[in-house]
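*Asks:* Here it is, the structure in full.
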Amino acid sequence: MTRSRTAFVLAAGATGTLLALGASPALADNHTATVSVLHGVPETRVDVYADGERLIDDFQPGTLTDPLQLPAGEYDIALYPADAPDASGDPIVSETVDVTADANATVVAHLTPEGQPALTPFVNDTSAVPAGQARLSVRHVAAAPAVDVRVGGEVVIDGLTNPNEESLTVPAGTVTADVVLAGTDTVAIGPADLTLPEGATTAVYAWGSQEAGYELAVQTIPGADSAPSGVPGGTAGLVDDEGVPAPLVALSLAGLAAAGIAARRLATSRS
């Protein structure tokens, strides 16, 4: 079992000022955060629990939830093997997460470079980009060493290690990208065509393992002037070895479960 503490921080506007970690009871009552969850542990179906309540049932590898609106505050997140009775036994991985008010983040269940399960939160940058431009964020969450990311055959991100990310501002449109072992031409994932919408952040996750295979998951995050949404058809998906997109599953039931947990937390804090 792995257990640790992790926190969300949000870059506020173009100044890059960081909001304080955690939240006072007043903030927890009046502010929420936007949180998505990506399952990037290959060949493992899990149930996801938050504060002891089942949040997502039978979560399939390669699946990304719709964004969930959760009250700011502290959550105990745990992953158990799918259909484990009442979350019995030791979790696959467990962490305490401090969700910052007004943050937009994606929590990824994935493997470490050594192949151990882990939970890593990434803050989704929703700040404005220049007209005609898009933001590309590449996140390494695979059981693999450092990688380079190439666009059109040219290295644009080099030496990216798990569980880190790098972001670029690029012209909006469609690009062909692949992932290679750092400093080599050995392709690990791709090539794949990526659609980068103007004024949005496209987060690309390299996940999986050598034994199970490496894949890409793609998440489109609207800009600061757009309301958070799910995964729009045609702009996000998994990419298999042939570069053919397969749809990410939007879990509306997970959103309902999260809403129920949020309502109980609010009722408790106000009583």
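The values are calculated or read from the model by the stated rules, or taken from the named source; none is laboratory data. Keep in mind that what you see is a predicted model, and the values were worked out from it rather than measured. All Cβ positions, glycine included, derive from the backbone under ideal geometry; neighbour counts span all protein chains shown.
*Asks:* Does the range 127-169 hold any residues that are more than 14 Å from the chain's Cα centre (by Cα) and in a loop (DSSP other than H, G, I, E, B), and which are they?
*Replies:* Residues satisfying the conditions are Ser127, Ala128, Val129, Pro130, Ala131, Gly132, Ala144, Pro145, Ala146, Gly152, Gly153, Thr161.
*Asks:* Residue check: is Pro130 under 23 Å from Val204 (Cα atoms) and either without any contact (Cβ under 8 Å) to a residue 40 or more places away in the chain or touching a helix residue (DSSP H, G or I) at 6+ places or on another chain (Cβ under 6 Å) (or both)?
*Replies:* Answer is yes for this residue.
*Asks:* Of the residues Val99, Val149, Val107, Val138, which single one is over 30 Å from Leu55 (Cβ atoms), crowded, with 18+ Cβ neighbours inside 10 Å and in contact (Cβ under 8 Å) with a residue 12 or more places away in the chain?
*Replies:* Among Val99, Val149, Val107, Val138, only Val149 is over 30 Å from Leu55 (Cβ atoms), crowded, with 18+ Cβ neighbours inside 10 Å and in contact (Cβ under 8 Å) with a residue 12 or more places away in the chain.
*Asks:* So which residues in the range 110-128 are surrounded by fewer than 20 Cβ atoms within 10 Å (Cβ to Cβ) and in contact with a Phe, Trp or Tyr (Cβ under 9 Å, 6 or more places away or on another chain)?
*Replies:* Val123
*Asks:* Which one of these does Gly89 not meet: (1) among the small types (Gly, Ala, Ser); (2) closer than 21 Å to Glu166 by Cα; (3) without any contact (Cβ under 8 Å) to a residue 12 or more places away in the chain?
*Replies:* (2)
*Asks:* Mind checking which residues of the range 63-75 are more than 20 Å from Glu43 (Cβ to Cβ) and not in a loop (DSSP other than H, G, I, E, B)?
*Replies:* Residues satisfying the conditions are Leu68, Gln69, Leu70, Pro71, Gly73, Glu74, Tyr75.
Yes/no matrix, rows are residues, columns are (1) farther than 18 Å from Ile221 by Cα; (2) part of a strand (DSSP E or B):
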| residue | (1), (2) |
| --- | --- |
| Val41 | yes, no |
| Leu55 | yes, yes |
| Pro61 | yes, no |
| Ile77 | yes, yes |
| Asp90 | yes, no |
| Thr96 | yes, yes |
| Val108 | no, yes |
| Leu119 | yes, yes |
| Phe122 | no, yes |
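*Asks:* Surrounded by fewer than 18 Cβ atoms within 10 Å (Cβ to Cβ) and modelled with pLDDT under 50, is that true of Ala82?
*Replies:* no
*Asks:* Every residue in the range 160-183 that is without any contact (Cβ under 8 Å) to a residue 24 or more places away in the chain and within 27 Å of Val41 (Cβ to Cβ), please.
*Replies:* Within the range 160-183, just Leu160 meets the criteria.
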